Every structure is written in C-alpha cells, then in structure tokens.
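The values are calculated or read from the model by the stated rules, or taken from the named source; none is laboratory data. In this text the structure is predicted, and so the values were computed from the model without any measurement. Note: ideal-geometry Cβ built from the backbone for every residue, glycine included; neighbour counts use all protein chains shown. Just the protein is used for accessible areas: all its heavy atoms, side chains included, with ligands, DNA and RNA removed. Shrake-Rupley method; radii C 1.70, N 1.55, O 1.52, S 1.80 Å.
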Amino acid sequence: MTQAEILLDARGRDLADCPVRHVLDHLAAKWTTLIVLELAEGPRRFSQLSKALPDISKRMLTQSLRDLERDGLISRAVFATKPPSVEYSLTAMGHSLLPPLIGLIDWAKANGPQIADARTAFAS
C-alpha cells in the first residue's frame, strides 16, 4: 500500500470511490491537459482544436470535449449559422485549473533532463 493510500485509508475513505482519484484520473489524461492549454488561449472551434492537436483522432477529441464539458471545465456554445458552428471555451473552473497545470508544466521542464538521464540509466 502506498503512503497516499495509507493516509486516505486512515481517514476512513473508500479508496475505490475517492473523489480526488476520480478527478485526477480524468485530468491526468494526455488530451485533457493539451485541450485545456489550447483553450487557455481563447475560445476554439472543433476544427481549430483538431488542427492544433494533429495527433488526436476526431473521435477522441469529441469524447474528451464531452468529458470536459460534463465535468464543468469547458462550455460549448452552438451558433445558429448554416451549417451550425460550435465553439468551446474554458469555464471559470477551467481557468482555475491553469495555475496548478502551469506549475506542473514548469516542474516537468525543470526536471525533464534529469528524468531523461534516469530513463537512460535505467535502460542500461
């Protein structure tokens, strides 16, 4: 059992139903982070997000956007044009995610070389 699991268990929480775990499972997903960072620049249409994240499939982008909308991190606005256009933007809660996310990115940048060295040493 990890230290975090011991701490959570000591507080009498069900680890399988931990609310933090449910949030982090989704937020830690690769595409979630990249979509949030892209939307930090401002509202985007689906096609703009698809071009900004060329490695993501349209199906995965659609699912990720739905998950983010369901969680209240982004909003979806539909405009009555022909054809209808849809625009995604961060909600207030989505914007509140940016400072810790940027902190994690800064940490990754600062520690990236050491991680690469550790991986090389481990592979040897």
Of the convex hull drawn through the C-alpha atoms of the chain, the volume per residue in Å³ is 163
Rg (one decimal) and Dmax (whole number) from the Cα set of the stretch 23-64, in Å, equal 10.0, 27
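How much accessible area per residue does the chain have, counting only protein heavy atoms and a probe of 1.4 Å, in square angstrom?
Values: 8790 Å² over 124 residues.
Per-residue value: 71 Å².
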Rounded to 0.05, the calculated FRET efficiency for the beta carbons of A40 and A121 at R₀ = 41 Å is 0.70
